[in-house]
Amino acid sequence: MNVWVFFDFFSERGENEIHRWLNGGMPKTAKAKINARIAALQGFPLFPEQYISSYTGWPLLELRIVSNGVQYRPFGFYGPGRGQFSLLIGGVEKGKIPKQLLEAANERRKLVISDPSRVRRHDFS
């Protein structure tokens, strides 16, 4: 039974930004590991800290996934509804997350709060 439902952020043009990130040239093994982590997290009543944590100084959470030595960081937040987690943007951590990525994620978070139709169920394909 799933406790959480994960959602992907959609652009104004109706493009799934998370799906685009996952299919935009990253290795298939990394995409598979990210999707497997999302699938697993759906069943946890509380997310384990080793997999997801608050990002200091921002109203965002980061999923922490390492594949072949690369640190993938999908960012999101709890919402827009109860039992929902919205994935907003994906990035790669190379020592530090670029501030522009965090700013974009936060802007998307605000959009989703004001217009929940900007997210739809996570696409595992």
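The values are calculated or read from the model by the stated rules, or taken from the named source; none is laboratory data. Note that the structure is a prediction, hence the values are computed from the model and not measured. Reconstructed Cβ throughout: ideal geometry from the backbone, glycine too, with neighbour counts over all protein chains shown. With ligands, DNA and RNA removed, areas are computed over all heavy atoms of the protein, side chains included. Shrake-Rupley method; radii C 1.70, N 1.55, O 1.52, S 1.80 Å.
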**Asked** Can PHE77 be described as more than 16 Å from TRP21 (Cα to Cα), of a type in the set (Phe, Trp, Tyr) and surrounded by 15 or more Cβ atoms within 10 Å (Cβ to Cβ)?
**Response** yes
**Asked** Pick from region 90-119 the residues that are open to solvent by 60 Å² or more (accessible area, probe 1.4 Å) and among the basic types (Lys, Arg): which of them is farthest from LEU63 (Cα to Cα)?
**Response** LYS110
**Request:** Within region 74-94, work out how many residues are within 11 Å of PHE9 (Cβ to Cβ) and polar (S, T, N, Q).
**Result:** 1
**Asked** Looking at LEU60, LEU87, which is the one that is surrounded by 11 or more Cβ atoms within 10 Å (Cβ to Cβ), under 20 Å from ASN2 (Cβ atoms) and in contact with a helix residue (DSSP H, G or I) (Cβ under 7 Å, 6 or more places away or on another chain)?
**Response** LEU87
**Request:** Show the residue pairs that are 6+ apart or on different chains and have beta-carbon atoms under 7 Å apart, the first residue being within region 84-107 and free of Cβ contacts under 8 Å to residues at least 12 places away in the same chain, the second being surrounded by 12 or more Cβ atoms within 10 Å (Cβ to Cβ) and not in a loop (DSSP other than H, G, I, E, B).
**Result:** none
**Prompt:** Going through region 15-42 one residue at a time, which ones are over 15 Å from TYR72 (Cα atoms) and either in contact with a helix residue (DSSP H, G or I) (Cβ under 7 Å, 6 or more places away or on another chain) or open to solvent by 40 Å² or more (accessible area, probe 1.4 Å) (or both)?
**Reply:** GLU15, ALA39, ALA40
